[in-house]
Protein chains: 2
Amino acid sequence: MPHKSASVKTIPDIVVGRLPFYLRTLRALAAEGREITSSSDLGNRLGLTSAQIRKDLSYFGEFGKQGLGYNIPFLVDQLRRILKVDRVWEVVLVGFGDLGRAIAHYHGFHDRGFEIRMVFDSDPAKIGQSLAGFTVDDMNAMVEKVRAAKVRVAMLAVPATSAQKVADLLIKGGVRAILNYAPTTLNVPKGVAVQNIDPAAHMQHMTYYLEP
Amino acid sequence: MPHKSASVKTIPDIVVGRLPFYLRTLRALAAEGREITSSSDLGNRLGLTSAQIRKDLSYFGEFGKQGLGYNIPFLVDQLRRILKVDRVWEVVLVGFGDLGRAIAHYHGFHDRGFEIRMVFDSDPAKIGQSLAGFTVDDMNAMVEKVRAAKVRVAMLAVPATSAQKVADLLIKGGVRAILNYAPTTLNVPKGVAVQNIDPAAHMQHMTYYLEP
DNA sequence: CAGTGTGAAGAGGTTCACAGCG
DNA sequence: CGCTGTGAACCTCTTCACACTG
């Protein structure tokens, strides 16, 4: 990995994490036929301050026009380019239990840059099944097949007890981004991104604030 | 709402948000039969520093023993009490499409403090269905039924276009915590908690770091 | 002497406020 | 004149480092 160039300021991860929400909101505006928006309009819709929106976007360039605001289709294009979703990423899904099947059926990924192309499970009863247009493959073949297809993005929907082992295999096969649905913390080497989905954790976060 | 008492220091929301992960990890340790852990052990498993763990826990009390560490079953009990999941919360699920059905089938909520007790949808074709032990009810009856049952926690799995309307109804019925699966930002009054689940947003966060 | 609990220092993120431009 | 882009101020969160204790 090349060392940081002095001319490129590093962008805070927390800023990158907000961009998908900006993009989501801008696309909803575009769908309503809007052409122009402003940092305060976006801020209101996103529950953020206008200053934060302007500051975040300014890390990547000057996308607005003073006195006018932002051109929505233009900003959508810029964000898609920045997030590298101006293309479709092939995704490998591991685990075809209830959760994996639900993910496979979910239609929300496609127009946001992702297409599930391979599904693996270790359960002989599931291997060979072809619900939802996928054929479930044997996990013993996973490393090789993932490597051969150069897939770099995975969704992990296996039990917590096997999640780390499976993650290690995925990384061995060349995967560099893992969306982890298993309720456990993954240990991964530098250069591999992990994002966690744990609905129950979100629920517990909220109950803290409820009266008993 | 009573004004803040001077003697109670306010706990940062970001700290509260980490507690469910501490609890999750501690329960995994307990399941392995472990009795004792330390801030550095927990930190390693969670990908955090030991100082952060100690500091976070210190907001709520002195749970450890110097020179020894933390008693796992004791700390589990404390966190369950703090997060108010030393009880089971009744949950209303709205939306019985692919996503809602998947949530209804998901077994991960039960032993973390949540039980789905009511399901609503507005589609006449779905009302009356009783997959997975739930009978889908008419959304027109939702406000009254939620109010009558005093349900305060909801999961929202409706299309983005109707999410705000449905959220408003839930709040009218007395709901104070909403897990929002719809890919849109909800506007809610003070006193209502919202947590968002958007897997595609997480994916886009990660692709930013991938090489093209 | 291992490991907690915690003030203080440091790092990082957000908001302010205004110059500058269309 | 409205709204962006941005240094500077402000605030919040994290890490340090050490007194203290079982």
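Values for this structure:
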| item | result |
| --- | --- |
| Degrees, to the nearest 10: B:72-82 long Cα axis against longest axis of chain B | 50 |
| Exam field: A:ALA148 pseudo-label spacings to other copies (7 Å along Cα-Cβ), nanometres | 6.0 |
| Carbon/sulfur fraction of accessible area - region B:13-82, other protein chains in place, 1.4 Å, % | 50 |
| Potential extension, A:ASN44-A:LYS145 segment - 0.36 nm per residue separation minus Cα distance | 31.8 nm |
| Entries of A:LYS150/A:LYS172; A:LYS126/A:LYS150; A:LYS55/B:LYS55; A:LYS84/A:LYS150; A:LYS126/B:LYS126; B:LYS150/B:LYS190 with Cα pairs more than 22 Å apart | A:LYS126/A:LYS150; A:LYS55/B:LYS55; A:LYS126/B:LYS126 |
| Pseudo-label separations to other copies for B:ASP13 - Cα-to-Cβ vector, 7 Å, nm | 2.0 |
| Buried area at the A-B interface (accessible, heavy atoms, 1.4 Å probe, summed, Å²) | 5500 |
| For region B:117-122, Karplus couplings with θ = phi - 60° (6.51, -1.76, 1.60), whole Hz, Gly/Pro x | 10, 9, 10, 10, 8, 9 |
| For B:ASN71, label point 7 Å along C-beta direction: distances to other copies, nm | 6.7 |
| Between helix A:160-172 and chain A: long-axis angle, C-alpha atoms, 0 to 90°, nearest 10 | 80 |
| By accessible area with a 1.4 Å probe, ligands and nucleic acids excluded, highest first: order of B:GLU144, B:GLU115 | B:GLU144, B:GLU115 |
| Degrees, to the nearest 10: B:13-31 long Cα axis against longest axis of chain B | 80 |
| Where rotation carries B onto A, the chain B residue whose Cβ is nearest that axis, in whole Å | B:ALA102, 2 |
| Solvent exposure ordering (accessible area, 1.4 Å, most first) of B:ARG112, B:ARG117 | B:ARG117, B:ARG112 |
| Apportionment of accessible area to carbon and sulfur, region A:89-201, percent (1.4 Å) | 53 |
| Probe 1.4 Å, accessible area per residue of region A:79-212, Å² | 44 |
| Top positive-direction residue, dipole computed over region A:89-201 with Cβ charges, set A:ALA102, A:ALA148, A:VAL92 | A:ALA148 |
| Per-pair calculated FRET efficiency, R0 = 25 Å: A:LEU68 and A:TYR209 via Cβ, rounded to 0.05 | 0.05 |
| Integer Hz, Karplus 6.51/-1.76/1.60 couplings in order for region A:186-198, x for Gly and Pro | 8, 9, 10, x, 4, x, 10, 9, 10, 10, 10, 10, 9 |
| Placed amide H near B:PHE120: partners under 5 Å, 5+ positions off or other chain | B:LEU93, B:VAL94, B:GLY95, B:ASP137 |
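The values are calculated or read from the model by the stated rules, or taken from the named source; none is laboratory data. As the structure is a prediction and not an experimental result, all values here were calculated from the model. Reconstructed Cβ throughout: ideal geometry from the backbone, glycine too, with neighbour counts over all protein chains shown. With ligands, DNA and RNA removed, areas are computed over all heavy atoms of the protein, side chains included. Shrake-Rupley method; radii C 1.70, N 1.55, O 1.52, S 1.80 Å.
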